[in-house]
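Read the structure below first, then the notes.
Only the coordinates and a few stated rules stand behind these numbers; no lab work does. Remember, predicted model here, so these are calculated numbers, not experimental data. Here Cβ is always computed from backbone atoms with ideal geometry, including for glycine, and neighbour counts include all displayed protein chains.
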Amino acid sequence: MKKFLFTALLVCGFVSFSQAQGTGFNLGAYLGFPASGSDYTSFSIGLDVNYLFEINEKFSVGPATGFGHSFGKDYYGSKQDFQYIPIAGAGRFNINEKMAAGIDAGYAVGISDNNDGGFYFRPIFGYNITEMIQLNASYIGIALGNNRYYNGSYYYSYGSTFGIVALGATFNL
């Protein structure tokens, strides 16, 4: 619970800071499907928040956070959701007016039971529909530490990387 409160305060701070700055604030959502960890989860939804500072015409960097929720599926008689809040840095490269590529990297704070979190990385590719709306595809990976899944009788260790293939949209506010 302490991790959740600390992370929630940090997220609020990012959002407040971002809104105070005016430009560069982005809010997004995604729907994802498991790439690894598919024995445990069925699909994922999430929210993204970042604030990008323009370094030059082609490159932007800034803080990124959000919330991810992967819905658990029945695994040996038990069902457990996987939730995390990423605390990351974001970098974006504008390939041209319509396309961008980038990566978010940092730490995913685990907020669900038996989820200690881990290194977070998210390569992303985006296509700009308008100046305000971008469609994107990404891979969300979390290198897990000693996470375990409890089925009511036994603990099972799950893979070294939890991965999601995601499709979403980002809105530049």
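Extension gain, Thr130 to Ser78, is 14.3 nm, computed as 0.36 nm per intervening residue step minus the present C-alpha separation. When each of the peptides 57-64, 86-93 is scored by the mean number of other C-beta atoms lying within 10 Å of its residues, the order from highest to lowest reads 86-93, 57-64. Distant-in-sequence amide contacts of Ser112, defined by a placed amide H-H separation under 5 Å and a gap of 5 or more residues or a different chain, comprise Gln83. The Ile103 and Phe43 beta-carbon pair, evaluated with R₀ = 25 Å, returns a calculated FRET efficiency of approximately 0.60.
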